[in-house]
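First the structure, in the form of structure tokens, and then the observations on it.
The values are calculated or read from the model by the stated rules, or taken from the named source; none is laboratory data. Given the structure is predicted, the values throughout are model-derived calculations rather than measurements. As a convention, Cβ positions derive from the backbone with ideal geometry for all residues, glycine included, and neighbour counts pool all protein chains shown. Side chains included, ligands, DNA and RNA excluded: accessible areas come from the protein's heavy atoms. Shrake-Rupley method; radii C 1.70, N 1.55, O 1.52, S 1.80 Å.
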Amino acid sequence: MGGTFDPIHNGHLVAASEAASRYDLTKVIFVPTGVSAFKNRQIVATPENRYLMSVIATAANPIFIVSRVDIDRGGITYTIDTLKDIKKDYSDYELYFITGADAVSQIESWKDYKQLFSLAKFVAVTRPDYAVNCDIISKYSIDQLEVPAMAISSTNCRQRAARGEPIWYLVPDGVVQYINKHKVY
Ligand code: NAP
């Protein structure tokens with residue numbers, strides 16, 4: 001489960017739970033990015049804050065874990081490196097790379113993108129009424145997972161937190177408290 005997670009919210013958690021159910025996954029590994037490629041906006045929370053919020057959000061689910069591979073590698077995060085690093089620890093497992101459809105629609109510009117499909121099955125998570133890039137989806141046999149709870153967005157959570165508006169029930173309770181305590185946004 002790759003993403004910036006700035007912050008992680010309940011839509012991400014529902015998407016992970018849906019993917020775990022659909023593909024009978026042993027674990028879902030949340031991997032917060034280091035420096036995201038192609039970010040046309042500033043990432044607001046530090047990598048450490050995004051990592052800790054992900055740990056808090058996933059703590060109660062026995063199959064959800066968080067990996068530091070992208071944060072500890074440093075520099076721009078390329079999914080080819082993410083998958084190779086995860087594969088080192090999970091060599092006997094089949095990998096699925098789950099992320100937002102917006103990101104996946106640009107996959108042909110990702111580093112070494114042709115190799116990616118031999119390392120993992122790609123799953124593009126969509127919001128309701130999102131227009132998917134069908135060419136990319138069918139060309140690379142990418143699965144789609146529509147998640148109504150993805151009506152929640154990190155951008156909206158950040159804006160609400162910055163304005164002092166409530167974000168209860170959009171993000172897990174512990175993450176609300178972490179954001180408020182550390183004035184993350
Ligand atoms: P992002 O801008 O954070 O997100 C793009 C869209 O996808 C947003 O609508 C976002 O919603 C949604 N999204 C992000 N992560 C999601 C997830 N795990 N489940 C469901 N929806 C999700 O995207 P990004 O962080 O740049 O990239 C996402 C992943 O693709 C990361 O793992 C990144 O490393 C990888 N990527 C790799 C390359 C490369 O290898 N060159 C290039 C770009 C991206 P929210 O804002 O609500 O999360």
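Structure notes:
- Counting only residues that are assigned to a loop (DSSP other than H, G, I, E, B) and within 8 Å of the ligand (Cβ to nearest atom), the range 113-144 holds 1 of them.
- Hits in the range 153-185 (condition: open to solvent by less than 30 Å² (accessible area, probe 1.4 Å), part of a loop (DSSP other than H, G, I, E, B) and among the hydrophobic types (A, V, I, L, M, F, W, C)): ILE167, VAL184
- The listed residues are ILE76, ILE86, and the only one of them that is surrounded by fewer than 21 Cβ atoms within 10 Å (Cβ to Cβ), within 12 Å of the ligand (Cβ to nearest atom) and touching a residue at least 40 places away in the same chain (Cβ under 8 Å) turns out to be ILE76.
- Filter result for VAL55 (in contact with a helix residue (DSSP H, G or I) (Cβ under 9 Å, 6 or more places away or on another chain) and not acidic (Asp, Glu)): no
- Selected residue [open to solvent by 30 Å² or more (accessible area, probe 1.4 Å), aliphatic (A, V, I, L, M) and within 15 Å of the chain's Cα centre (by Cα)] from VAL69, VAL104: VAL69
- Of the residues making up the range 16-43, those that are in contact with a Ser or Thr (Cβ under 9 Å, 6 or more places away or on another chain) and either within 7 Å of the ligand (Cβ to nearest atom) or among the β-branched types (Val, Ile, Thr) (or both) are VAL28, ILE29, VAL31, THR33, VAL35, SER36, ALA37, PHE38, LYS39, ILE43.
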